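A.B. asks: Have a look at the structure that comes next, please.
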Amino acid sequence: MNKFFRSSVALVAGVSLLGLSGCALGGSTGDSESAPPSASRGAALEGFDPCTFFKPEELTSYGVSTQAEDFTLVSFQPGCAWNGEKMDIALQKNADETVESLEKGGSYDKYTRIKIAGRDAARMIAPGFTDQGGCVTVVSAGDGIVLYQLTAAMRDSVADPCGEMEKIANQTASRLPE
């Protein structure tokens with residue numbers, strides 16, 4: 001595992017832990033209209049495989065390897081990563097969170113609600129990662145979320161990490177589960 005990939009792991013580990021909302025930790029989010037957990041929650045994401053989502057020609061055009069590496073840092077957020085010279089990208093799914101619950105349940109340097117391919121989404125930067133060459137685009141998918149993540153090899157390897165990740169998400173999000 002190279003130094004660049006370890007930095008990516010650190011960024012996403014922080015994001016994964018931030019995804020542990022008060023509700024997931026057994027607390028209350030204060031939302032009296034929260035639905036009780038059900039077996040159907042996230043069912044649309046169940047069959048979605050982040051590791052086979054990107055087409056080889058897409059990965060090549062992004063400047064990353066076509067070979068996926070497991071990137072499951074916590075069991076409830078499985079995914080894969082692809083390494084490149086200038087940047088790494090990763091894709092994970094989480095059936096327990098939504099764009100809204102993630103916003104309410106975490107502390108971020110930046111969490112800005114946006115639209116990606118007509119879906120609810122957010123631009124997220126984990127605490128301490130502002131201007132460090134990383135960005136996460138959270139996209140609503142199948143009663144949960146998919147996290148598109150970019151970590152630059154150096155803080156200035158990618159001029160606009162969030163813009164680059166959002167471009168990739170906009171090009172591919174139409175294929176995500178509804």
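A.B. asks: Based on the Kirkwood radius over alpha-carbon pairs, what is the Stokes-Einstein translational diffusion coefficient of the stretch 65-125 at 37 °C with 0.692 mPa s viscosity, in µm²/s?
C.D. replies: 247
A.B. asks: Related question: If you add up the charges near Gln132, with Lys and Arg at +1 and Asp and Glu at -1, over every other residue whose beta carbon is less than 11 angstrom from its beta carbon, what do you get?
C.D. replies: My count for the surroundings of Gln132 gives -2.
A.B. asks: A follow-up question, please. Looking at the stretch 118-178, which trypsin sites (Lys or Arg not before Pro) are DSSP coil and have at most 16 other C-beta atoms within 10 Å of their C-beta?
C.D. replies: Loop-located and lightly packed - Arg155.
A.B. asks: Roughly speaking, what % of Cα-Cα pairs in the stretch 46-178 are separated by over 21 Å, rounded to a whole number?
C.D. replies: Pairs farther apart than 21 Å: 35 percent.
A.B. asks: Going through the stretch 74-151, which GluC sites (Glu not before Pro) have at most 15 other Cβ atoms within 10 Å and a DSSP loop state?
C.D. replies: Glu85
A.B. asks: On the full set of protein chains, 1.4 Å probe, figure out the accessible area of Phe129 and give it in Å² to the nearest 10.
C.D. replies: 60
A.B. asks: Hey, another quick one. Where the accessible area of the stretch 95-178 is counted over protein heavy atoms with a 1.4 Å probe, how much of it, in %, is carbon and sulfur?
C.D. replies: Solvent-exposed carbon and sulfur of the stretch 95-178 make up 44 percent of the total.
A.B. asks: List the aspartates and glutamates whose alpha-carbon lies under 12 Å from that of Lys93, not counting same-chain residues fewer than 8 positions away?
C.D. replies: Of all the aspartates and glutamates, those that pass the test against Lys93 - Cα under 12 Å, at least 8 places apart if same chain - are Glu46, Asp49, Asp143.
A.B. asks: Enter the accessible area of Tyr111 (Å², nearest 10), with the probe set to 1.4 Å and all protein chains included.
C.D. replies: 40
A.B. asks: Can you tell me the equivalent ellipsoid semi-axes for the stretch 110-178? Use √(5λ) from the Cα gyration tensor, largest first, whole Å.
C.D. replies: In descending order the semi-axes read 22, 12, 9 Å.
The values are calculated or read from the model by the stated rules, or taken from the named source; none is laboratory data. Please read these numbers as outputs of a predicted model, since none were measured by experiment. So basically every Cβ, Gly included, is an ideal-geometry build from the backbone, and we count neighbours across all protein chains shown. Ligands, DNA and RNA are excluded from the accessible area calculation, which covers all protein heavy atoms including side chains. Shrake-Rupley method; radii C 1.70, N 1.55, O 1.52, S 1.80 Å.
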